[in-house]
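First comes the structure, then the notes that go with it.
The values are calculated or read from the model by the stated rules, or taken from the named source; none is laboratory data. These figures come from a predicted structure and were not determined experimentally. FYI the Cβ positions are ideal-geometry reconstructions off the backbone, even for glycines, and counts take in every protein chain you see. Calculation scope for accessible area: heavy atoms of the full protein, side chains included, ligands and nucleic acids excluded. Shrake-Rupley method; radii C 1.70, N 1.55, O 1.52, S 1.80 Å.
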Amino acid sequence: MVSLEQISTLDADVIFAVSQDGSPMEEIPGWGNLTAVRNGTAQQLDLGGSISLLAPSLLSIDHFLDTAEPTFAAMDGVAAG
């Protein structure tokens, strides 16, 4: 977990985020400045997407991969650093 004050520390190539109250991550100050957001490799998961990672099973991993496909596709053009 990362608090709102620590959002700027998420300097990662890929981010899958879940908002506890379901509000859009774009409303969080600093979110748009993150490398993954600028590269198009940050995605906010819905409740189903987050549960699929918390309690993995054959079906839930398939659900996560389907949900995350747009982010994986965006990663295609991102150079490894």
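Per the Cα gyration tensor, the chain maps to an equivalent ellipsoid with semi-axes of 21, 17, 10 Å, ordered largest to smallest. In order along the range 15-26, phi translates into HN-Hα couplings of 9, 10, 10, 10, 8, 4, 9, x, 6, x, 5, 4 Hz, rounded to whole numbers, per the Karplus curve 6.51 cos²θ - 1.76 cosθ + 1.60 with θ = phi - 60° and x for Gly and Pro.
Once the Cα-Cα distance is subtracted from the 0.36 nm per residue extended length, the L53 to D76 segment shows a gain of 6.1 nm. For the chain, the solvent-accessible area of protein heavy atoms averages 68 Å² per residue (probe radius 1.4 Å; ligands and nucleic acids excluded). Between amide H atoms placed 1.01 Å from N, distances below 5 Å from Q43 occur with I15, F16, A17, all of them 5 or more places distant or on a separate chain. Put a dot 7 Å past the Cα of N33, heading toward its Cβ, do the same for S8, and the two dots end up 0.4 nm apart.
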